[in-house]
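The structure appears below as structure tokens.
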Amino acid sequence: MTEILAPAGDEQTAYAALRAGADAVYLGLTRFSARESAENFCVSALRKLTREAHLLGAKVYVALNTLIREEEVPAFFEAARAAWDGGADAILLQDIFLGRALKEMYPQMVLHLSTQAGCCNVHGAELARECGFSRVVLARETPLADIAAISALLETEVFVQGALCSCFSGQCYLSSFAGNNSGNRGRCKQPCRMQYTIDRAGYDSPAYAISLADLSVGAEIEKLRAAGVTSFKIEGRMRSPAYACAAVEYYRALLDGAPAEEVQAAFSRVKRTFNRGEYTKGLAFGQDKGFVSRAIQGHIGERVGTLTRVGGKLFCRSAFAAEKGDAFKILRGGKEAGGAVFAGVGKGGFFVSSRDRLAEGDEVRVTLDVSLGARALSHVRKRPVTVRVSLRAGEKMTASCEGFSYTGEICEAAKSAPLSEKDICACFEKTDALPFAPTVLAETDEVFVPKSVLNAFRRAFYEGLAAVLAPDREPLDAKAVPVPTFAVQQGRQTAVIVTGKALPKDADIVIWKAEDMTRMTPPAGAWLYLPPLLTGADEAAIAPFLDAFAGVYCEGTYGIPFARKYHKKLFLGTGCNFSNRIAVAAALHEAQYVALSKELTLSEQDVLAAEGTFVLSAGDLKVMDLCYCPFGKTCRTCDKRTRYTMTDASGRAFPLRRYRAAEGCRFEVYNCAPLAAGSSLPSALADCSLGDLTAAACARDPVGKLAGATRGHAARSLL
């Protein structure tokens, strides 16, 4: 059984997607949603939606997938309980250990691990299963071979359509540190969609250097189905009902084997609702040429023709049936030249008007097709049911369906104008707002029933049927949230992340980053740095070197089963985003050392300062992991540098570090200013990935000792 899963940022979109044929929808509540700016749902709206979804045989998943700080834990548990009581079929979480605590408290809950948790390999899936999750939403960077391996362990959900995050999910801090809006709290301002220059020939002019095209796997979905994927996820809780509806129709046509012309028509509708960069198949199938959309950042729609002039007016010769309200983006040489709106029908096309200076030969692309909005809201989806109604003199009225039976008043023999079977059928074919498509089988022996009585009987029957087919969930009992106790922090240590051969003096722990994961010469006594994305191919490449390392420092919780497998000590890194006591206590049960979230204030860090905890206190501040080549894999002409600089329109320079993984290069983006936050109770972690070891010497007290440094969120938390 495979599932088409649609986004729902509001009620209108949710119902449009369901009625277009979605097998499930996912949404957020008013708190703890990774799309905070979506309209989202209150619990009463959730109850109403889940009732219709369940009557249609569909499901509703609720995303509570932000990071949860310590004082929010009770409210988070209450929100999860309210979502479950409201009929949610599963709860999506980012915090894997909060999920485990939730499952232990309420075993009947179904939990899905959000893509924000970064599950990308079998080790991450193993831990998710241990923690009580029945499904993992895979990182968008997961290769097809790893998708198949994970799908053999538990249910997988894979993105097939919509926006791609530039950074590995859950590990993006660019909006947080450069713009004071945390993506881990659903407030990302998308600085990745801005223009940058990179100091490499051919890339030194302003462009959307790390803005990715939208994902559309299209016919490749069959490879995902063959790999064992359960759910095909459409991204877009910030997008319109027209988008959700069009995407559902497209993938329904593909999965159902619809004729080619029907599939193409559905894809055409998708392109008109949102299309950033003409699409990519995504990293599951390898980076393609159109992966980075350097020239155009926003919606470019579907090409419908080119401009000419007729009678001095701008005219587009096209078969597209434009109408009032339609809008267009105009491209010239592949770049945006302006916009236009519909201005009237002409022979063989339509006129447009624009405030921009447009020219003959410019490409016309429709970006707003008002007919698709109307189409999205016009769909009707009902559940076929067979209803048997019996109205016999001297007997109670009865109606039954799918094992449910309802009785009414005793029928009287008609003295005149008896009810006919046709009358009864006509009455029971009305289901009011309930999504039933009844086939009515009626029998009667000439009885009389007042119309008001018969209508009341019908309404009560259908309400009763709905209550049986989609029953309210038995409310869960409120329980006290567990509060872990911590061992008191004793001596404080210093850990330092380094690259190359230069090593810090007097560091208690040295964490070494390879510049080439396939060829490593580790320093004696060092711990190996493992990035957030570790594929099966990466693991095979590094396995022969592991004996030379004292332990592994891992930017994902997948490190727990990984360290067990290879019998290595474990340091769980800042990328795990630990931000509450439950998560920290659980992590310390598995690892020797744990780094806290780098978005916490010093006082918030101190609350979590158990024995073995570290905080990023100084040095280079990694804000993004790019699991692709921003240069389009132009390997033959690559200058093979390990360092570049990415500069934004305001002149802020962000270091870009390249390293080699098993199947190509990846990149790390660092903040435009180094970090000098310091720490209080936890041990200090200094990041010297860019080669300067100054931060290592002042990790405990770096304030005022690093030129041009920021204190980050030391005084102001964004969680």
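Computed values, structure above
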item	result
Inter-probe distance in nm under a simple model that places probes 7 Å from Cα toward Cβ, at R492 and D356	5.5 nm
Theoretical gain in end-to-end length, A548 to A653 [0.36 nm per residue, Cα-Cα removed]	34.2 nm
Label point distance in nm, T306-R519, each placed 7 Å from Cα along Cα→Cβ	4.9 nm
Using distinct alpha-carbon pairs, which all enter the 1/r mean, Kirkwood radius of the chain in Å	28.0 Å
Cβ crowding within 10 Å averaged over residues, with 241-253, 199-211, 108-120, 669-681 ranked highest first	241-253, 108-120, 669-681, 199-211
Kirkwood Rh in Å, taken over segment 525-595 so that all alpha-carbon pairs contribute	12.2 Å
For segment 669-719, convex hull volume per residue from C-alpha positions, Å³	98 Å³
Histogram of C-alpha separations across segment 585-684, 10 Å bin width, %	14, 33, 28, 20, 6, 0
Cα-based equivalent ellipsoid of segment 375-447: semi-axis lengths in Å, sorted from largest, via gyration tensor	28, 14, 9
Euclidean distance of C-alpha centroids, segment 170-245 and segment 587-631, integer Å	24 Å
Cut-off 9 Å between beta-carbons: net charge of the residues surrounding K281, Lys and Arg +1, Asp and Glu -1	-2
Fraction of the pair-distance distribution of segment 484-552 above 18 Å, Cα-Cα pairs, percent	44 percent
Among 533-544, 392-403, the order from most to least packed when residues are scored by Cβ within 10 Å on average	533-544, 392-403
Distance between segment 656-704 and segment 403-465 - C-alpha centres, whole angstrom	74 Å
Stokes-Einstein translational diffusion, segment 1-115 - Kirkwood Rh over all Cα pairs, 1.306 mPa s, 10 °C, in µm²/s	113 µm²/s
Volume in Å³ per residue [convex hull over Cα atoms, computed for segment 212-324]	139 Å³
Local electrostatic count, C165, Cβ distance below 10 Å [Lys/Arg +1, Asp/Glu -1]	-1
Additional length obtainable on full extension of the chain from E395 to A295, 0.36 nm per residue less Cα span	28.5 nm
Neighbourhood net charge (14 Å Cβ-Cβ; Lys/Arg +1, Asp/Glu -1) for A697	-2
Over the chain: helical MRE at 222 nm, DSSP H runs n ≥ 4 each giving -39500 (n - 2.57), nearest 500	-7000 deg cm²/dmol
Cα-based convex hull volume of segment 396-491 per residue, rounded to whole Å³	163 Å³
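The numbers here are math on the coordinates, done by the rules we state, and not lab data. Keep in mind that what you see is a predicted model, and the values were worked out from it rather than measured. When we count neighbours, we look across all protein chains shown, and the Cβ atoms used for this are built from the backbone with ideal geometry, even at glycine.
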